[in-house]
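Asks: I'd like to ask some things about the structure below.
The values are calculated or read from the model by the stated rules, or taken from the named source; none is laboratory data. All values derive from a computational prediction rather than experimental measurement. Glycine also receives a Cβ, built like all others from the backbone with ideal geometry; neighbour counts cover every protein chain displayed.
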Amino acid sequence: MFVAAAAFAAVTFVVAYLAEDYLVGIRISDQLKSTNSVAVSMAPYLNSSNSKKMYELAEESSQKYGGRFLVLNKSGIVQVDSFSIMNGQKLAYKEVSDVLLGSGDTAYGFYEIDGSGDDTFYAVYYTAAIVYNSETIGAVLFSDDIQDVVDTTGDFVNILIIICGAACAVLLLISLVFSGYITRPINELKNVALSISKGNLRQRIRVTGKSEIAELANTFNTMSRQLENMDRQRSEFVSNASHELKTPLSSMKILTESLLYQDGVAESTYKEFLGDINKEIDRLNETITGLLTLAKTDSEAEALTLSKILLSELVYKSVTALRPIAKEKGITLTYNASSELEIECDALKVMQAVMNLIENAIKYTDTGGHVRVTLQKSGSNAAIVVKDNGCGIPEEEIPYLFARFYRVDKARARDTGGSGLGLHISRKIALLHGGSIAVKSEEGKGSVFTLYLPIRS
Ligand SMILES: Nc1ncnc2c1ncn2[C@@H]1O[C@H](COP(=O)(O)OP(=O)(O)O)[C@@H](O)[C@H]1O
Ligand SMILES: [Mg+2]
């Protein structure tokens, strides 16, 4: 509005100025011509000092051109005045001296005249030299008011102001309607954002049309859906975690109480129960360690400590670390690297992921089985394959394997221990490196877990 009003004002000002200039220019050139022609006719009368004729001509011209005519002699003294007021007075206007001293044939100037009452008006004084026999013998002074031109321009400006005012009003109306149209959805967006920030994560914005605002609203809805999702996951996680922590505690409680409130319990029973309690403590420990690792991987998601490492060496170290456990369980653990494969990665995290897979393979394979670890190149990836001939996984369970706390056989998992966090953490590590984990498994026959890591970082 402000810009438009300023533009209108500028246009009004310029147009008024140009119009006035133009109208005044036409008027002046006309009247200078008239003054000059009167001066030509006046020359012989002034030369012969024929006052009567001079007066008649002044009077006549006054009637014809509508102003006041004066005839001055060489010294600027009024000889004749068509209004008969200034006879004999000396006029010292600049326009008069200009023509009398010969610096020009004609001249003019503007004067502000105090009229009757308060009103002043603008007049123009035109002078023309009276030349007789190539000699300047006097001057004609013609004065006429130019207020009509000034008034015309004023009227013109008034009309322009009215038009511009009307245009501004229309503009205001349009901009009000449009700004309402634009701000309404923004206001809605703001209200929903406010409501979400207060915890109402289910809020969504109604999206209409295809404008940028609609796009923004869509993005916003996606964001709040994501927020709601995260919130749900968080509360699910808390309840899962509490459950996982509570289960071993309840077992321990039952075991201790049954010992406490029984008399004459055999030492072998004590030993057995304490052994069970010890297992539960291990489980609790494992779950808590898993939770801590998970929290760490989450918070360090952005900060991988990258270094160039030989993958074959890393896998070798993982296998070696787990060999005693395999041996204890009577499982053959073999490692075969078909290439060295140097990659850039966070060595500690990758090692943890690899060890989780090997640990699982050992854990879910019976005595006498075998676990084969191989390292190979697979396209642009390094593939660490962990293959076992253990219990395998039912096909319908495979999609859930990587969920937090998920274990296929809960009852069995009690004996084997474990928190159900291992695969979740491993996959997270793989994803952080731009890789993935693939599973192939057949129930009763064995499983193949493959960790893919991109060779180029
Ligand atoms: N090599 C495997 N063979 C059979 N089942 C497996 C194997 N690896 C993982 N699983 C199944 O996937 C589940 C999730 O594994 P994981 O996240 O490592 O948890 P955990 O080992 O603590 O139970 C395991 O409980 C197990 O049921
Ligand atoms: Mg595990």
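A quick yes/no check of all residues on (1) under 15 Å from residue 401 (Cβ atoms); (2) within 16 Å of ligand 2 (Cβ to nearest atom); (3) of a type in the set (Val, Ile, Thr); (4) surrounded by fewer than 20 Cβ atoms within 10 Å (Cβ to Cβ):
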| position | (1), (2), (3), (4) |
| --- | --- |
| 419 | yes, yes, no, no |
| 431 | yes, no, no, yes |
| 434 | no, no, no, yes |
| 437 | yes, yes, yes, no |
| 440 | yes, no, no, yes |
| 443 | yes, no, no, yes |
| 456 | no, no, no, yes |
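Asks: Also, quick follow-up: So residue 285 passes all but one of these: (1) touching a strand residue (DSSP E or B) at 6+ places or on another chain (Cβ under 7 Å); (2) under 28 Å from residue 392 (Cα atoms); (3) surrounded by 12 or more Cβ atoms within 10 Å (Cβ to Cβ). Which condition number does it fail?
Replies: Only one criterion in (1) touching a strand residue (DSSP E or B) at 6+ places or on another chain (Cβ under 7 Å); (2) under 28 Å from residue 392 (Cα atoms); (3) surrounded by 12 or more Cβ atoms within 10 Å (Cβ to Cβ) is unmet by residue 285, namely (1).
Asks: I'd like the full set of residues that are in contact with a Phe, Trp or Tyr (Cβ under 9 Å, 6 or more places away or on another chain) and more than 8 Å from ligand 1 (Cβ to nearest atom), limited to region 359-371. Explain how you work it out, then say what you get.
Replies: First pass over region 359-371, keeping only residues in contact with a Phe, Trp or Tyr (Cβ under 9 Å, 6 or more places away or on another chain): 360-361.
Listed by number, the list is empty, since nothing qualifies.
Asks: When region 66-84 is examined, which residues are found to be among the aromatic types (Phe, Trp, Tyr) and in a strand (DSSP E or B)?
Replies: Result: 69, single match.
Asks: Does region 118-127 include one or more residues that are farther than 25 Å from residue 12 by Cβ and surrounded by fewer than 17 Cβ atoms within 10 Å (Cβ to Cβ)?
Replies: Scanning region 118-127 turns up at least one residue that is farther than 25 Å from residue 12 by Cβ and surrounded by fewer than 17 Cβ atoms within 10 Å (Cβ to Cβ).
Asks: Which residues, counting only those in region 242-268, are within 13 Å of residue 278 (Cα to Cα) and hydrophobic (A, V, I, L, M, F, W, C)?
Replies: Within region 242-268, 249, 252, 255 qualify.
Asks: With outside the structural domain of residue 283 (by TED's automatic domain parsing), in a loop (DSSP other than H, G, I, E, B) and closer than 19 Å to residue 297 by Cα as the only criterion, which of 434, 444 stands out?
Replies: Only one candidate passes the filter, namely 434.
Asks: Could you tell me whether any residue of region 235-252 is of a type in the set (Phe, Trp, Tyr), touching a helix residue (DSSP H, G or I) at 6+ places or on another chain (Cβ under 6 Å) and more than 27 Å from residue 373 (Cα to Cα)?
Replies: Going through region 235-252, the residues of a type in the set (Phe, Trp, Tyr) turn out to be 237.
If we keep only those that are touching a helix residue (DSSP H, G or I) at 6+ places or on another chain (Cβ under 6 Å) too, we end up with none.
Scanning region 235-252, I find no residue that is of a type in the set (Phe, Trp, Tyr), touching a helix residue (DSSP H, G or I) at 6+ places or on another chain (Cβ under 6 Å) and more than 27 Å from residue 373 (Cα to Cα), so the answer is no.
Asks: For region 370-384, does any single residue satisfy the condition of being away from ligand 2 (no atom under 13 Å from the Cβ), modelled with pLDDT under 90 and either at negative phi or assigned to a helix (DSSP H, G or I) (or both)? Before you say what the answer is, go through the steps one by one.
Replies: Narrowing region 370-384 to residues away from ligand 2 (no atom under 13 Å from the Cβ): 370-384.
Narrowing the set further to residues that are modelled with pLDDT under 90 leaves none.
Among the residues of region 370-384, not one is away from ligand 2 (no atom under 13 Å from the Cβ), modelled with pLDDT under 90 and either at negative phi or assigned to a helix (DSSP H, G or I) (or both), which makes the answer no.
Asks: Is it true that residue 374 is without any contact (Cβ under 8 Å) to a residue 40 or more places away in the chain, over 30 Å from residue 251 (Cα atoms), more than 8 Å from ligand 1 (Cβ to nearest atom) and in contact with a strand residue (DSSP E or B) (Cβ under 6 Å, 6 or more places away or on another chain)?
Replies: yes
Asks: Exactly one of (1) assigned to a helix (DSSP H, G or I); (2) modelled with pLDDT of 95 or more is unmet by residue 387. Its number?
Replies: Checking residue 387 against (1) assigned to a helix (DSSP H, G or I); (2) modelled with pLDDT of 95 or more, the one that fails is (1).
Asks: Of the conditions (1) free of Cβ contacts under 8 Å to residues at least 40 places away in the same chain; (2) closer than 12 Å to residue 450 by Cα, residue 385 clears all except one; give me its number.
Replies: Every listed condition holds for residue 385 apart from (1).
Asks: Could you tell me which numbered condition residue 418 fails, if it satisfies all but one of (1) touching a residue at least 40 places away in the same chain (Cβ under 8 Å); (2) in a helix (DSSP H, G or I); (3) within 8 Å of ligand 1 (Cβ to nearest atom)?
Replies: Among (1) touching a residue at least 40 places away in the same chain (Cβ under 8 Å); (2) in a helix (DSSP H, G or I); (3) within 8 Å of ligand 1 (Cβ to nearest atom), the lone unmet condition for residue 418 is (2).
Asks: If we keep just the residues of region 385-409 that are of a type in the set (D, E, K, R) and surrounded by fewer than 22 Cβ atoms within 10 Å (Cβ to Cβ), which is nearest to ligand 2 (Cβ to nearest atom)?
Replies: Step one: list which residues in region 385-409 are of a type in the set (D, E, K, R), which gives 387-388, 395-397, 404, 407, 409.
With surrounded by fewer than 22 Cβ atoms within 10 Å (Cβ to Cβ) added as a condition, the list becomes 387, 395-397, 404, 407, 409.
Numbers: 387: 16, 395: 20, 396: 20, 397: 14, 404: 12, 407: 9, 409: 13 Å.
Ranking the qualifying residues of region 385-409, first place goes to 407.
Asks: Go through the residues of region 383-390 one by one and say whether even a single one is more than 9 Å from ligand 1 (Cβ to nearest atom) and more than 25 Å from residue 341 (Cα to Cα).
Replies: yes
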